[in-house]
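The values are calculated or read from the model by the stated rules, or taken from the named source; none is laboratory data. These numbers were taken from a predicted model, which means no experiment stands behind them. Here the Cβ is made from the backbone with ideal geometry for all residues, glycine too, and neighbour counts use every protein chain on show. All accessible areas refer to the heavy atoms of the entire protein, side chains included, with ligands and DNA or RNA removed. Shrake-Rupley method; radii C 1.70, N 1.55, O 1.52, S 1.80 Å.
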Amino acid sequence: LIPRLLTEVFHWVGDLIEHGNAVLCNLQMIELLNGNAVDLLSSSSRPAAVELHAHPMLGIHFAGTTQEHVDSSESCLKVIRHGFSRSTREASHYGHSNLSHIVMKVSVESHGQTGKVQTSDLLLADLAGTTQEDFQAEARRSNMGRINKDLMYLTHIIEKLAHQGKNHHHKNAECVADHHEHGVSRSDFRNSKLTLLLSDSLTGRSKSRFVCCISPDASDQHASYCTLQVAEHLNTVFREVPVVPKRHFHKDKLLEELKADAQLLSNELQNAQSEEHAARIRTESATLERIHEELKQRWKKVTRARADSMDAWTKNQPPVRFPCLVNFSSDAAYSGCIRYHLPQPNRPYTMGCDGNCDFVLPQSQSLGAVGGSLCRMSADKYGSLNLEASSAALQGSLIQVNRQFLKKSATLGHNDSISFGGLHFRYLLREE
């Protein structure tokens, strides 16, 4: 299952890169053991402790974890195997149950426009099973109790969500009141690190799948029955997805906000009511400062790598020939990357996503469903560009000339703009 998921993710990443986006993929891997989170990819001999921070724009952030850069499903699997080899799972001591929960997060950042970042996460959680606390070692009994408690909190939340799902289909006043009484609050997810990690997955902000492991062995009958009960509750969970914007932000603005929040906490420290309160403020302030520094250093590398690749690309480009169509974008690094030269006057050229067209446009969601060409174009001896749209382009309102939808045909002069879906070009007759 995991290899298939990762293959799909990197297929999507490849599409983003083809459309001129700078994409950064990182993998983090933590283990939840005895109520603590540890970094399985840390370079130190002993995995470091991890702080979990809920941020309104970043979601659940693993502060202080090692972020391994990955660029393919194969590199992801290699890192995951290394992480599992460092985990404390020793199934031989505890029968068939795992000792801990292991959570892997693949983060994809798309730096498509200047200063703006859009993020998506793939969260994979391998949960421990419920166990009988009949071990001699006190530490082992304590860990098993913590695992059972984590699963109890998770089951409790799922039952509440299932209750909401049932009430969603009954609109009378009694059910509405009952729904309010048994609703799930954000604080419910803070009962354990496991439920905090899964909060976005269970509250309508993501697509989620739950895979249950059932044993046919008679000795596992009780555990299998409990697992099937949880699965039955999951089938009745109704998640009404809220209308929320995609997770994207301006990176400079986010860094400023993180720094300002850390400063506010430092100022609040002077008014701490107790030493315990002061320690909590110090921890939260240090976490924000750590997140700020991690993001700052990571995005510096992205900017540097993007500039280096664009310099290399520019050096290998042939000189611009006129007349031509040149793309433009709010991302200065992407502008000028696509050029279509019209060398022969009065010769008609076809343009579209079809490989048989004279000018082949990059694939995009808005243009991908259109077969054949989008338009025919030709430059006369004076340089004016005559454009005629295809019937498919007209039906989909896919072409704009100087920000006006093309009705049938148009004539373009120097520096006029033309857009195909989300791809924007200028028609140039000479150097600017």
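Translational diffusion coefficient of the stretch 4-82 at 10 °C, 1.306 mPa s, Stokes-Einstein with Kirkwood Rh over Cα pairs, in µm²/s as a whole number.
Working: Rh = 14.2 Å.
It comes out at roughly 112 µm²/s.
For the stretch 358-431, which chymotrypsin sites (Phe, Trp or Tyr not before Pro) are both in a DSSP coil and crowded by at most 14 other Cβ atoms within 10 Å? Let's see the in-between values first.
Numbers: sites: F359, Y382, F405, F420, F425, Y427; in loops: Y382.
Here the chymotrypsin sites (Phe, Trp or Tyr not before Pro) that fit, given the DSSP loop and packing criteria, are Y382.
Evaluate Rg over Rh across the stretch 369-432, taking Cα atoms for both radii and Kirkwood's formula for Rh. Let's see the in-between values first.
Values: Rg = 11.7 Å, Rh = 12.1 Å.
Rounded to two decimals, Rg over Rh is 0.97.
Given the whole protein assembly as supplied and a 1.4 Å probe, what does the accessible area of R280 come to in Å², nearest 10?
Here the residue's solvent-accessible area equals roughly 140 Å².
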